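Engineer: I have a structure here, written as structure tokens, and I will follow up with some questions on it.
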Amino acid sequence: SKTAYVRTKPHLNIGTMGHVDHGKTTLTAAITKVLAERGTGTFVPFDRIDRAPEEAARGITINIAHVEYETDTRHYAHVDMPGHADYIKNMVTGAAQLDGAILVVSALDGIMPQTAEHVLLARQVGVDHIVVALNKADGTQDEELIDLVELEVRDLLTAQGYPGDAVPVVRVSGLRALAGDPRWTASIEALLDAVDTYVPMPERYLDAPFLLPVENVLTITGRGTVVTGAVERGTLRLGDRVSVLGADIETVVTGLETFGKPMAEAQAGDNVAVLLRGVPRDAVRRGHVVAAPGSVVPARRFSARVYLLSGREGGRTTPVASGYRPQFYIRTADVVGDVDLGEAGAARPGDTVAMRVELGREVPLEPGLGFAIREGGRTVGAGTVTDVHN
Ligand code: GDP
Ligand code: MG
């Protein structure tokens with residue numbers, strides 16, 4: 001039988017971001033190597049991270065690599081992505097749900113366009129804590145040059161609303177650490193310490209009623225229907241009653257697993273598989289929500305603040321007007337919606353606007369909930385629900 005999952009440390013989701021070739025993947029591999037040597041992780045070589053599997057997150061294909069490791073105090077799931085477009089898609093749809101990010105900046109090149117864009121996106125989607133890895137610090141003896149790059153990065157962060165003076169900036173070399181050079185191995189340890197201490201434990205609403213957006217549905221022969229996804233809030237135990245919103249079903253949890261291991265209790269932030277008693281496979285779909293009975297009310301109408309991606313960010317090149325009918329990606333659901341821009345009547349790519357939306361069907365909604373807007377196969381906006389109208 002399988003070993004049970006033992007929760008010994010709090011869990012956080014982090015990821016690398018930054019300009020192409022500044023060393024994100026090398027640094028990710030180096031982190032796993034340093035922690036493997038400490039005995040709290042498994043080394044994942046560069047090639048296994050860079051050839052990331054394609055994931056269909058909210059109906060969009062994203063290349064994303066997940067690695068898992070522990071420091072002395074925490075368990076981390078860390079994501080790394082190969083291309084700039086993967087970052088845009090991942091961050092605006094919130095696929096990675098980052099609690100914090102490691103901004104990788106080459107000390108030899110300084111800020112580049114994608115550095116600035118990723119910081120902007122991080123701000124837009126609510127990643128409140130960034131730690132900076134000034135990478136490739138092995139490549140120059142000129143400390144003053146690195147000082148200048150550090151200053152430049154702090155200014156960029158401040159300009160985007162981060163506490164640029166307080167953000168930890170650590171000079172590292174992923175490449176030399178990967179080669180086992182003790183000086184640079186120590187730099188990776190220092191970076192991890194900065195992440196451990198600077199990125200706070202997110203409030204995971206452990207006491208709130210349970211909610212799980214369904215990402216996938218599978219059948220286990222002889223056992224029944226299993227739904228998978230990341231727990232948004234609350235806790236779940238075997239035997240708990242739950243509602244499946246969208247399917248209009250109330251049932252009981254008869255099995256619970258994480259990373260293939262049985263668990264006694266699932267908590268907000270966990271990636272889980274939930275076995276549901278007596279539910280036919282066809283009844284449940286991606287986009288449905290499993291929740292504590294009576295805890296959420298589905299609705300069709302809401303108000304929102306939305307950032308329309310500029311053409312340069314992969315968004316539209318032409319304005320939108322009231323009557324616009326794009327797809328709304330809300331949690332894992334994909335629903336068409338009618339947009340009303342009110343007095344303004346129209347908005348341009350690059351603008352942040354207020355809108356009212358009427359969805360084609362009901363989904364659980366609440367103020368503060370993030371979503372993406374898609375059109376013709378690409379993401380054109382990212383928003384937050386401000387009010388729900390019944
Ligand atoms: P990514 O596109 O940000 O994931 O960057 P990669 O990790 O693929 O690295 C891009 C290039 O920079 C590769 O040739 C790496 O070997 C090199 N590189 C990465 N980290 C370092 C470092 O710390 N020092 C030096 N000198 N080169 C590095
Ligand atoms: Mg890479």
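Engineer: Please state which of the following conditions Val119 fails to meet, knowing it meets all the rest: (1) assigned to a helix (DSSP H, G or I); (2) at pLDDT 95 or above; (3) of a type outside the set (Gly, Ala, Ser).
Structural biologist: Condition (2) is where Val119 drops out.
Engineer: Regarding Asp155, is this residue of a type outside the set (Phe, Trp, Tyr), without any contact (Cβ under 8 Å) to a residue 60 or more places away in the chain and buried (at least 20 other Cβ atoms within 10 Å of the Cβ)? Even if it seems obvious, please write down each step before you answer.
Structural biologist: Values: of a type outside the set (Phe, Trp, Tyr): yes; without any contact (Cβ under 8 Å) to a residue 60 or more places away in the chain: yes; buried (at least 20 other Cβ atoms within 10 Å of the Cβ): no.
No: the conditions fail for Asp155.
Engineer: Given Thr73, Thr140, which one is surrounded by fewer than 23 Cβ atoms within 10 Å (Cβ to Cβ) and either away from ligand 1 (no atom under 16 Å from the Cβ) or modelled with pLDDT under 85 (or both)?
Structural biologist: Of the residues listed, the single one that is surrounded by fewer than 23 Cβ atoms within 10 Å (Cβ to Cβ) and either away from ligand 1 (no atom under 16 Å from the Cβ) or modelled with pLDDT under 85 (or both) is Thr73.
Engineer: Continuing with this model, one more query. Among (1) in contact with a Gly (Cβ under 6 Å, 6 or more places away or on another chain); (2) more than 22 Å from Thr235 (Cα to Cα), which single condition is Thr332 missing?
Structural biologist: (2)
Engineer: Now a separate question. For residues that are out of contact with any Gly (no Cβ under 8 Å at 6 or more places or on another chain) and either in a helix (DSSP H, G or I) or without any contact (Cβ under 8 Å) to a residue 12 or more places away in the chain (or both), scanning just segment 167-179, find the one that is nearest to ligand 1 (Cβ to nearest atom).
Structural biologist: Arg176
Engineer: Would a scan of segment 252-273 turn up a residue that is away from ligand 2 (no atom under 16 Å from the Cβ), out of contact with any Lys or Arg (no Cβ under 9 Å at 6 or more places or on another chain), of a type in the set (Gly, Ala, Ser) and modelled with pLDDT under 95?
Structural biologist: Taking every residue of segment 252-273 in turn, at least one turns out to be away from ligand 2 (no atom under 16 Å from the Cβ), out of contact with any Lys or Arg (no Cβ under 9 Å at 6 or more places or on another chain), of a type in the set (Gly, Ala, Ser) and modelled with pLDDT under 95.
The values are calculated or read from the model by the stated rules, or taken from the named source; none is laboratory data. For clarity, every value in this text was computed on a predicted model and none was experimentally measured. With ideal geometry, Cβ positions are generated from the backbone for all residues, glycine too; neighbour counts draw on all protein chains shown.
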